[in-house]
Every structure is written in structure tokens, then in C-alpha cells.
Ligand SMILES: [Zn+2]
């Protein structure tokens, strides 16, 4: 943590200077003074399904005649919500969501977009109408977006898609890749990039995954995939292929440094090493995983094996990067009935080698590692990176009185979106207008 840092931003929105205390910037460029604030890289939300925010809070009950609800019954309600989405409706929902993200401290989002087709399942006119609505909402809110074009084909391994899935599916992998090519051509804005997202081992035949890996040679887009979210998915994979979902990817060409495994809550014992060996990352979505009753992320095993983690708010039951980060550690404490669990796997800080800390490592998970998972040049305050930044009020009740050297711990274990004074994407303010600002 450095006091009185000055950050210069160039005309493109990238950081061009980081000046420490006492060094004055040259020239008369407009300045913004952020008194009483801490400046951080913005958080990266690496996993989002924007439309799912539309039924937030409306599934938090047991329906009459049902003794229990789970992921699969929630999915049926989600399909019903998806079935009603039009481009206009999805724009409205996504705009609300992305504004909420910016207010919570996220400055970028990986939008795992699978609502491709019209209500009747036929292609939209134009074919990218649903994706365009989501991207337009992102641009209007001002958040940086990686549009992860999702591939969905089957309703289960070797099973036809159901009517509830008809808006997501492609008949051939070629048709999907044409859709990706069209998106690459269509979205020409420095704040928007495109990636691929085979939905899951349930929804995409293994041989199609090889085509995606081949297509990505030279493009090097991020490839995100739901993996091992549910025990039933792992059981189906073992039944069909004799191995778990991650091992099943071996030989497809997909298991590599561009892969981000979303969830990874039900791993086989060798899976952390399998992911680490190829440089693949894992996106944890603990608020959604808790909300849907998915299970616990084996964070200690993953980080201990050298797998990078990032975070996502997924279903948007809550949009709160501070909560996502603290839950990663808290889940491990609850599982193991110990404290400071992840301190053993994050590197010791050079200024306090006798003290192993959790919070700086988790802040990196929320910022730099998320940016890496989305392949965007952000997540650090350094020259050349996008000026995607957040300012946090140090006089917020959650932070006041905390010793400066404990600020990372206070942010992870005590703070929340209320502390966010402002959010900037490419140097442009997208949330907050403090009276102390001096443009
Ligand atoms: Zn998801």
C-alpha cells in the first residue's frame, strides 16, 4: 500500500504514469483528487449470466407440494425465465446488472452468453440480436466486457436438448463457430472482446471440443466452461467416458492455459494437478454455489497445486466481490474448523515474512487473476494497463479505525460495496460523483 499515489491516464484510457508520494506530474492535464480514499484495481467478474438477475429473490422458497428444491429444480425455473427474454428485456436486465456491478466495484465482466435464439428457438433477426442487446447494455453502463459465446447442443451426455434449451442450442459445431466469427466481426470496440464457452460436458459432445481448440489456435481467446458443478454431472461423465469431466477433456486440445473451469466444486483427486500442469484456471462463484447448494470449492487443494483462482457472481443472487472473496476462505475454515487456511498457500509478503496472510492473495484473485482469466490488460496499477480502477472510502464505517497495514484484511473480511466511492473503466468514471472531485 502506497500513500498519496498519483496515477496518470492517457487518451486511450491506459495508465501512463504511477507517481509515488512527493512526485508531481508534469503539465496541466485535468486532475481528480480522491481524498480519504484507497485506490485499487477494479474487480473482475469472470462469470455472469446477465438474464438470471431477472428472477433474483423469486426462487428463495419451497413451492407447495415440494419438500426440497435443488440446483436442478432451480434450473427449471431459470429456463422459464430464459424463455421470456427478448432483446429489449435482456437489455434492461443487463443494464441494471452492470450498473450494480460497477457500484459494487467490478469494472469488467465475462458474460457467459447462451441465450442466442428467439423465443421459438429459431435464429434471431439479425442472428446476433440477443448478444447485441447484452453488449449494448454493457457499453451503456460502461463496464468492460468479454462476451463468452456459449456452445450448447445436448440436454445431457448423448441426450437430445429439451424444449427449455432450444434458445441455447446449435445443431452443428460449424454453425456455432460461424456465430463466433460473426461476433468477432461485429463487436469492434476496445471495451468489448469475444471468447468461447462450451457450456459443459453435459451440453457439448467431446469431439466438438476439439474443433473449438483448433479454431482457437492463433486467436488465443479465453475459453470458459462449467466443470464439475454438480455430483450428477461427474457421475454422468464417469458413466459415459469412464473418467471425470476434467480428465475427459484430455485429448480434446481444450485442456490448456486458455481454459477457465467454472465452479470445480466436485473434483476428482488428481484434477487440481491436471489443471495446474496445463496452466488452466478455476473461476469460483461462492455466492451462487452456496445459493444453489452446489458444494464447496476445494480452494486449498487448487491453490496448493498452483491453480489460479478468480471470481464470478454467476446467477447474481448477490453482486458483491468482497463477499465472493471472503467466502473462499470462510468455506475452507468451516470445512476444516481452522483459521487462516489459505495463508499456507499464498506466498509470504516480503515486508512481513513472519506473517502469512490470506487477504492480499484473495485481493489478487479478485483483480489480477480475474483479468488474466478474461485475457484483459487490467487488474494492476501499472503503466500500460487499462485504467480500470476503484476508489474505496476509508471513512466508511466498515473501515474506519482499521490500522493502515490491515487494510487488505479489512477489505476482504469486513468491507462491502458500500465502501465503493467510484469506479473507472478506461479512465472514465462509471460510478459515483464525490463532491471532492476536481475535474
Ligand atoms: Zn454459470
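The values are calculated or read from the model by the stated rules, or taken from the named source; none is laboratory data. Not measured: the values here are computed from a predicted model. Cβ placement follows ideal geometry from the backbone for every residue including glycine, while neighbour counts extend to all protein chains displayed.
For segment 263-287, how many residues meet the condition of being surrounded by 24 or more Cβ atoms within 10 Å (Cβ to Cβ) and outside any loop (DSSP other than H, G, I, E, B)?
Looking only at that region, the number is 8.
Could you figure out which of (1) modelled with pLDDT of 90 or more; (2) within 16 Å of the ligand (Cβ to nearest atom) isn't true of residue 8?
(2)
Step by step: first the residues of segment 288-298, then only those that are in contact with a strand residue (DSSP E or B) (Cβ under 8 Å, 6 or more places away or on another chain) and part of a loop (DSSP other than H, G, I, E, B), then the one that is nearest to residue 230 (Cα to Cα). Which residue is that?
If we take residues in segment 288-298 being in contact with a strand residue (DSSP E or B) (Cβ under 8 Å, 6 or more places away or on another chain) and part of a loop (DSSP other than H, G, I, E, B), then 294 is nearest to residue 230 (Cα to Cα).
Inside segment 327-439, counting only strands (runs of 3 or more DSSP E) that do not spill past its ends, which hold 3 or more residues that are more than 18 Å from residue 102 (Cα to Cα) and touching a strand residue (DSSP E or B) at 6+ places or on another chain (Cβ under 9 Å)?
Because the criterion is at least 3 residues that are more than 18 Å from residue 102 (Cα to Cα) and touching a strand residue (DSSP E or B) at 6+ places or on another chain (Cβ under 9 Å), no strands (runs of 3 or more DSSP E) in segment 327-439 meet it.
Which members of segment 107-128 meet the condition of being away from the ligand (no atom under 16 Å from the Cβ) and in contact with a helix residue (DSSP H, G or I) (Cβ under 7 Å, 6 or more places away or on another chain)? Quick ask: steps written out before the conclusion?
Just the residues of segment 107-128 that are away from the ligand (no atom under 16 Å from the Cβ), to begin with: 107-108, 117-128.
If the condition is that a residue be away from the ligand (no atom under 16 Å from the Cβ) and in contact with a helix residue (DSSP H, G or I) (Cβ under 7 Å, 6 or more places away or on another chain), then 108, 119, 124, 127, 128 are the ones that fit.
With 238, 246 as the choices, which residue is more than 16 Å from the ligand (Cβ to nearest atom) and surrounded by fewer than 23 Cβ atoms within 10 Å (Cβ to Cβ)?
From the options 238, 246, the qualifying one is 238.
Please list, ordered by first then second residue, the pairs with beta carbon atoms under 6 Å, 6 or more apart or interchain, first in segment 307-323 and under 12 Å from residue 286 (Cβ atoms) and within 13 Å of the ligand (Cβ to nearest atom), second modelled with pLDDT of 95 or more and assigned to a loop (DSSP other than H, G, I, E, B).
Once the first residue is under 12 Å from residue 286 (Cβ atoms) and within 13 Å of the ligand (Cβ to nearest atom) and sits in segment 307-323, its partners that are modelled with pLDDT of 95 or more and assigned to a loop (DSSP other than H, G, I, E, B) give 312/285; 313/319; 314/285.
Of all residues in segment 131-151, count the ones that are surrounded by 23 or more Cβ atoms within 10 Å (Cβ to Cβ) and free of Cβ contacts under 8 Å to residues at least 60 places away in the same chain. Break it down into steps so the answer makes sense when it comes.
To start, the set of residues in segment 131-151 that are surrounded by 23 or more Cβ atoms within 10 Å (Cβ to Cβ) comprises 131, 133-135, 137-138, 143-151.
Now restrict to residues that are free of Cβ contacts under 8 Å to residues at least 60 places away in the same chain: 131, 133, 135, 138, 145, 147, 149-150.
Qualifying residue count for the region: 8.
Output the residues belonging to segment 271-297 that are away from the ligand (no atom under 16 Å from the Cβ) and either in contact with a helix residue (DSSP H, G or I) (Cβ under 7 Å, 6 or more places away or on another chain) or free of Cβ contacts under 8 Å to residues at least 12 places away in the same chain (or both).
Matches in segment 271-297: 271, 272, 273, 274, 275, 276, 277, 296.
If a residue must be buried (at least 16 other Cβ atoms within 10 Å of the Cβ) and within 27 Å of residue 294 (Cβ to Cβ), how many such residues does segment 344-359 contain?
4
So, restricting to strands (runs of 3 or more DSSP E) that lie completely within segment 15-123, which ones have at least 2 residues that are surrounded by fewer than 18 Cβ atoms within 10 Å (Cβ to Cβ)?
Where strands (runs of 3 or more DSSP E) fall fully within segment 15-123 and carry at least 2 residues being surrounded by fewer than 18 Cβ atoms within 10 Å (Cβ to Cβ), they are 15-19.
What pairs can you find where one residue is in segment 252-270 and over 23 Å from residue 288 (Cα atoms), the other is in a loop (DSSP other than H, G, I, E, B) and within 16 Å of the ligand (Cβ to nearest atom), and their Cβ atoms are less than 7 Å apart, with a gap of 6+ or different chains?
As it stands, the answer is 258/222, since those pairs meet every condition given.
Every residue, every condition in (1) farther than 17 Å from residue 43 by Cβ; (2) within 14 Å of the chain's Cα centre (by Cα); (3) modelled with pLDDT under 95; (4) surrounded by 21 or more Cβ atoms within 10 Å (Cβ to Cβ), yes or no:
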{"site": "304", "(1), (2), (3), (4)": "yes, no, no, no"}
{"site": "326", "(1), (2), (3), (4)": "no, no, no, yes"}
{"site": "334", "(1), (2), (3), (4)": "yes, no, no, no"}
{"site": "367", "(1), (2), (3), (4)": "no, yes, no, yes"}
{"site": "379", "(1), (2), (3), (4)": "no, yes, no, yes"}
{"site": "391", "(1), (2), (3), (4)": "no, no, no, yes"}
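Looking at segment 185-228, which of its residues are in a helix (DSSP H, G or I), in contact (Cβ under 8 Å) with a residue 24 or more places away in the chain and more than 15 Å from residue 252 (Cβ to Cβ)?
Correct list: 186 only.
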